[in-house]
Amino acid sequence: MEKEGHGLLLGMEKFLSQQTHVSEDIRKYMTPALMAELSLLPTNKKMEFLDLYMAQVKSLLWAYIALVLIFPFHYAYQDRWGKQVLFWVTAGGLLVWWIADFFRLPDMIREYNEKLGFRILEKLEREV
């Protein structure tokens, strides 16, 4: 029975260490600057950060889907409602703005995710 409890304890330690490790799937959303700041947090705050971040992070695939729809909403997807309304009113800058956004979208999503990460880090650091 004692060996069984010891195995369970080792399993829990392994589980917790895996939870605090930033996987490659999550890392693809983060910039090096954000990863550096995240490494400074204690383990419990890292886990809290990852939960909050992954719940709010934006996907490039979904942003492209939002852009190519008949009624594009890619700025709304990034919580930029002012730009979204302007985009709709100008018909995507008579499609010039729409075409430019097609190429700018990866940087826009990366910037959104980075700002999101730093906002969450700032909130967590205030709680410490």
Qualifying residue in segment 62-78 (condition: over 18 Å from the mean Cα position of the chain (by Cα) and either under 30 Å from Ala36 (Cβ atoms) or part of a helix (DSSP H, G or I) (or both))
yes
Among the residues of segment 102-112, write down those that are buried (at least 18 other Cβ atoms within 10 Å of the Cβ) and closer than 24 Å to Ser39 by Cα.
Ile109, Tyr112
Of the residues Arg119, Arg126, Arg104, which single one is part of a helix (DSSP H, G or I), more than 13 Å from the chain's Cα centre (by Cα), under 20 Å from Val57 (Cβ atoms) and free of Cβ contacts under 8 Å to residues at least 12 places away in the same chain?
Arg104
Tell me, which residue of segment 75-101 that is closer than 14 Å to Ala63 by Cβ and among the hydrophobic types (A, V, I, L, M, F, W, C) is surrounded by the most Cβ atoms within 10 Å (Cβ to Cβ)?
Phe87
On the basis of being of a type in the set (Lys, Arg) and surrounded by 14 or more Cβ atoms within 10 Å (Cβ to Cβ), does Lys115 make the cut?
no
Search result, residues across segment 58-74 that are aliphatic (A, V, I, L, M) and surrounded by 17 or more Cβ atoms within 10 Å (Cβ to Cβ):
Ala63, Ala66, Leu67
Residue check, Gly11 against (1) of a type in the set (Gly, Ala, Ser); (2) modelled with pLDDT of 80 or more; (3) out of contact with any helix residue (DSSP H, G or I) (no Cβ under 7 Å at 6 or more places or on another chain), all met but one. Which one?
(2)
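The values are calculated or read from the model by the stated rules, or taken from the named source; none is laboratory data. This one's a predicted model, so the numbers in the text were calculated from it and none came from an experiment. Glycine also receives a Cβ, built like all others from the backbone with ideal geometry; neighbour counts cover every protein chain displayed.
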